[in-house]
Amino acid sequence: MSLWEYANPKKFMQVSAGVLPWMAGLTGLCLGVGLIWGFFFTPDDFRQGSTVKIIFLHVPSAMMAINAWVMMLVASLIWLVRRHHVSALAARAAAPVGLTFTAIALVTGALWGQPMWGTWWAWDPRLTAFLILALFYLGYIALWQAVEDPDTAADLTAVMCMVGSVFALLSRYAVKFWNQGLHQDSTILKVGEKDPIAPVFYVPLVVCIFGFVLLFVALVLMRTRTEIRARRLSALLARERLA
Amino acid sequence: MEMVVDNLGVARGGLTVLEGVRFALAAGQALILRGPNGVGKTTLLRTLAGLQPAVAGTLRVPPESVTYAAHADGLKAVLTVAENLAFWAEIHGGGDVQAAMAEMNLTELRDRRAANLSAGQKRRLGLARLLVTGRPIWVLDEPTVSLDQASVTLFAGVVRAHLARGGMALIATHIDLGLEEAAVLDLAPFKARMPVASGGGFDEAFA
Amino acid sequence: MKALLLRDVRLAIRAGGGFGLGLAFFLLVAVLVPLGVGPEPATLAKIAPGILWVGALLACLLSLDRIFALDFEDGSLDLLATAPIPLEGVVAIKAFAHWLVTGLPLTLVAPVLAVLLNLPGPGYLWLVVSLLAGTPALSVIGAFGAALVVGVKRGGLLLSLLVLPLYVPTLIFGAEVVKRGASGTEVSVPLLLLAGITAGAVALLPFAAAAALRVNLR
């Protein structure tokens, strides 16, 4: 029994069909508890008022926007090395989800930034980096759609994802260099250091982050299942044409 | 110098189209491939030329010995006949451009731009490229398209001369080239059988 | 190798497209921006480094799809792939040829256009230096993008979408060199970073591009 057995499309469909409802339920539970707790049962910040509560959407989606790209990179590498089709399709399935998280992070950031910094948009390094990340997602999705042969598309997008990852990192440091910015540093992993996030916010925030991770996994599982079905369909059609 | 193909399977668009292809070609031999449209002649030839990987079987050819000619001749419209040939000659380490032009009856056209050649003349130029590569194994996909009868005879003579020099040729064609000495391989028997769909299951390749 | 370089340069000069077109586009940018922004010398001097770099970058982008698409369509790429040169070498040479007919001319005319945009005196040297150091990266990154989309019909727009995000670090450091040069501050840090990106791209991207080409040819 090897881990790679789950890369077999048939096995993947069986297992994911069983896991998906539980995953969806758990996602709903986590997000429901986390968001309601965060929105209604935490105090207003003494400086930021109730605006601070946007953190419960902003931070998890920003984290997942990056993690989704990392997951795509790993899946692309698995495809290039081991040629598991499910892996390539999972990368494809994750891209629009990642793009959506990026968009949520940008929009909630603008909504948060307006009252705090007095502007909807600032060319702050973090914001700029996310905008560039969104462009990478767009290019990746467009390449998948433009190339007709599915294996060719999988190979090309995998190469693009690898090269893109390097350049996304470079861009991240380039924009840091380019402008020092308004955005505060991330405080999530700084409990115990100076100026940490207050514990009243911390616990519901962690629940929300778990919820977003689960949401991502559930959406990717669901979309991968759709991709596998679509792939199966086109394979059947191709076979029919050939016969 | 020998080309050996054993139990070869080739795929197009992720689907195996030919399987179990086997033949051997020794110096001075030619093989003509036949088969209905869509059977996978082009796919097989591209695999033999090293442009795409085989999905099964073995393909033994000496390294850097194959040159390939297909529907597109790889000509640049703004370069002259001589310049086009000289480029490919130099890329392959310097073949004899003059001799190649003479053999394919192109000497008079040497300073004409490829843009101003007729379809048949372009084809002849494309085939003259084979001579300047200096490679022994010619893999040709429908080489006689848009050639007139006289040019077909001329080309058959060039192939025969190539074989006499110890070369080899693999030609997919529908017309009779007049190469009586060439063996003929019908590809229809190697058509891949469709795998039977097993009760809604998914196999690794989805097909 | 030399034959391929000579052929690509000769094709670019004879066919006209790309070569002059990029320069004309660069000129247009330098003319249109003051018309849009206004003739204020101080304003123009402030935005000149960025405009010149963005203009050069977009002019470079115009001719990218010609790097491989023409050879793909007429079958030359198949023949080059079976030729005794490694495909990585083909990519590197073709990117170099692209740089010779776009990046280098853009670098040479940039000081002239900088006059139109009222670039402050000390910036001229650094404009040329930064473009010399940065435009090779634009050509190599562009060749990688062109290799990805070579099989896509009308892939021009897709190519821009793929390549422009990859140009971000080069643009930032390149424009920063000119900006600092124009204001007379130390330029070595962004210049070294720019040169580092170019060196890395030139060393590694031909392999990725060749891999993409092989996938597209099969």
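Scanning the range B:132-149 for residues that are buried (at least 21 other Cβ atoms within 10 Å of the Cβ) and among the polar types (S, T, N, Q) returns B:133, B:144.
Checking the structure you have, find out if any residue of the range A:29-49 is surrounded by fewer than 18 Cβ atoms within 10 Å (Cβ to Cβ), under 22 Å from the mean Cα position of the chain (by Cα) and among the small types (Gly, Ala, Ser). Checked against the condition, which is being surrounded by fewer than 18 Cβ atoms within 10 Å (Cβ to Cβ), under 22 Å from the mean Cα position of the chain (by Cα) and among the small types (Gly, Ala, Ser), the range A:29-49 yields at least one hit. Selection of the range B:133-175 for residues being in a strand (DSSP E or B) and aromatic (Phe, Trp, Tyr) yields only B:138.
Annotation: residue C:50 fulfils all but one of (1) farther than 16 Å from residue C:115 by Cα; (2) out of contact with any Gly (no Cβ under 9 Å at 6 or more places or on another chain); (3) within 14 Å of another protein chain (Cβ to nearest Cβ); the unmet one is (1).
Of the numbered conditions (1) in a helix (DSSP H, G or I); (2) out of contact with any Phe, Trp or Tyr (no Cβ under 8 Å at 6 or more places or on another chain), residue C:165 fails exactly one; give the number of that condition. Checking residue C:165 against (1) in a helix (DSSP H, G or I); (2) out of contact with any Phe, Trp or Tyr (no Cβ under 8 Å at 6 or more places or on another chain), the one that fails is (2). Determine, yes or no, whether residue A:11 is of a type in the set (D, E, K, R), in a helix (DSSP H, G or I), closer than 18 Å to residue A:217 by Cα and at pLDDT below 90. Judged against the criteria, residue A:11 is a match. In the range B:150-173 there is no residue matching the filter, namely being surrounded by fewer than 18 Cβ atoms within 10 Å (Cβ to Cβ) and either modelled with pLDDT under 85 or within 12 Å of another protein chain (Cβ to nearest Cβ) (or both).
Within the range A:72-100, the set of residues being surrounded by fewer than 20 Cβ atoms within 10 Å (Cβ to Cβ) and within 16 Å of residue A:217 (Cα to Cα) comprises A:73, A:74, A:96, A:100. Here is the figure for the range A:182-214: residues that are within 18 Å of the chain's Cα centre (by Cα) and modelled with pLDDT of 60 or more total 11.
Does at least one position in the range C:199-215 carry a residue that is under 12 Å from the mean Cα position of the chain (by Cα) and modelled with pLDDT of 95 or more? Within the range C:199-215, not a single residue is under 12 Å from the mean Cα position of the chain (by Cα) and modelled with pLDDT of 95 or more.
In the set C:189, C:150, C:128, C:202, only one residue is surrounded by 24 or more Cβ atoms within 10 Å (Cβ to Cβ) and out of contact with any Lys or Arg (no Cβ under 8 Å at 6 or more places or on another chain); that residue is C:150. All of C:203, C:209, C:199 fail the test of being more than 18 Å from residue C:56 (Cα to Cα) and in contact (Cβ under 8 Å) with a residue 60 or more places away in the chain, apart from C:209. Across the range A:135-153, the qualifying residues are those that are more than 9 Å from chain C (Cβ to nearest Cβ) and crowded, with 18+ Cβ neighbours inside 10 Å, and the one among them that is nearest to residue C:167 (Cα to Cα) is A:137.
Annotation note: of A:107, A:52, the sole residue that is β-branched (Val, Ile, Thr) and surrounded by fewer than 17 Cβ atoms within 10 Å (Cβ to Cβ) is A:107.
The values are calculated or read from the model by the stated rules, or taken from the named source; none is laboratory data. What you are looking at is a predicted structure, and each value in this text was computed from that prediction instead of being measured. Virtual Cβ from ideal backbone geometry, glycine too; neighbours counted across all protein chains shown.
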